[in-house]
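Engineer: Let me begin by handing over the structure; questions about it come next.
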Amino acid sequence: MEFGNKKSIFLQIADNISERIMEGKYPLFEKIPSVRDLAIELGVNPNTIMRTYSKLQSDGILETRRGMGFYVAGDAKNIIIAQNKKLFFETDLPRIARQAEMLSITFEEIKPFFERKNYSDYNEDK
């Protein structure tokens, strides 16, 4: 977690859990770490984890089983994809389009990037 980040810690944790679900580290229908265990792993207050789990539950990504803990919902991946697409179109793409316009980059110059099958040559840190 990036404690200096402008995004709330509980939202950063929610993003991290969503990434783990998308990567298959937290499989659909499977139990995720308890509030206490994840709090210890991340070095945060258990109330922060509970807030994260409550948000993910209200989003439909997690579900509770009484007395058993939190589980990844069956439709979690589809929900995460829909949320991230919405964020991309509302936030990322307009920023990219403005930057491309300022740099006089044409769609034809960008198109080969999207036709690639492997994006590993492109690194955000470069």
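Engineer: Whether any residue in region 6-28 is at pLDDT below 95 and open to solvent by 60 Å² or more (accessible area, probe 1.4 Å) is what I want to check.
Structural biologist: Looking for residues that are at pLDDT below 95 and open to solvent by 60 Å² or more (accessible area, probe 1.4 Å), one finds at least one in region 6-28, hence yes.
Engineer: Output the residue which, of all residues in region 66-77 that are of a type in the set (D, E, K, R) and without any contact (Cβ under 8 Å) to a residue 24 or more places away in the chain, is farthest from Leu38 (Cα to Cα).
Structural biologist: Asp75
Engineer: While we're looking at this one, here's another question. Determine which single condition Ile96 fails, assuming it passes every other condition in (1) under 16 Å from Arg20 (Cα atoms); (2) out of contact with any Ser or Thr (no Cβ under 7 Å at 6 or more places or on another chain).
Structural biologist: Among (1) under 16 Å from Arg20 (Cα atoms); (2) out of contact with any Ser or Thr (no Cβ under 7 Å at 6 or more places or on another chain), the lone unmet condition for Ile96 is (1).
Engineer: Could you please find all residues in region 68-83 being of a type outside the set (A, V, I, L, M) and assigned to a helix (DSSP H, G or I)? Working first, answer last.
Structural biologist: Step one: of region 68-83, the residues of a type outside the set (A, V, I, L, M) are 69-71, 74-75, 77-78, 83.
Within region 68-83, Lys77, Asn78, Gln83 meet the criteria.
Engineer: Moving on to the next point. The conditions are (1) at pLDDT below 95; (2) in contact with a Lys or Arg (Cβ under 9 Å, 6 or more places away or on another chain); (3) under 20 Å from Ala14 (Cα atoms), and Tyr122 fails exactly one of them. Which is it?
Structural biologist: Status for Tyr122: all satisfied but (3).
Engineer: Another one. If only one of Thr48, Thr64 is in contact with a Leu (Cβ under 9 Å, 6 or more places away or on another chain) and among the hydroxyl-bearing types (Ser, Thr, Tyr), which one is it?
Structural biologist: That would be Thr48, the only listed residue that is in contact with a Leu (Cβ under 9 Å, 6 or more places away or on another chain) and among the hydroxyl-bearing types (Ser, Thr, Tyr).
Engineer: Within the group Ile80, Ile96, which residue is aliphatic (A, V, I, L, M), surrounded by 12 or more Cβ atoms within 10 Å (Cβ to Cβ) and touching a residue at least 24 places away in the same chain (Cβ under 8 Å)?
Structural biologist: Result of the check over Ile80, Ile96: Ile80.
The values are calculated or read from the model by the stated rules, or taken from the named source; none is laboratory data. These numbers come from a predicted model, not from an experiment. Ideal geometry is used to build each Cβ from the backbone, glycine not excepted, and the neighbour counts take in all protein chains shown. Calculation scope for accessible area: heavy atoms of the full protein, side chains included, ligands and nucleic acids excluded. Shrake-Rupley method; radii C 1.70, N 1.55, O 1.52, S 1.80 Å.
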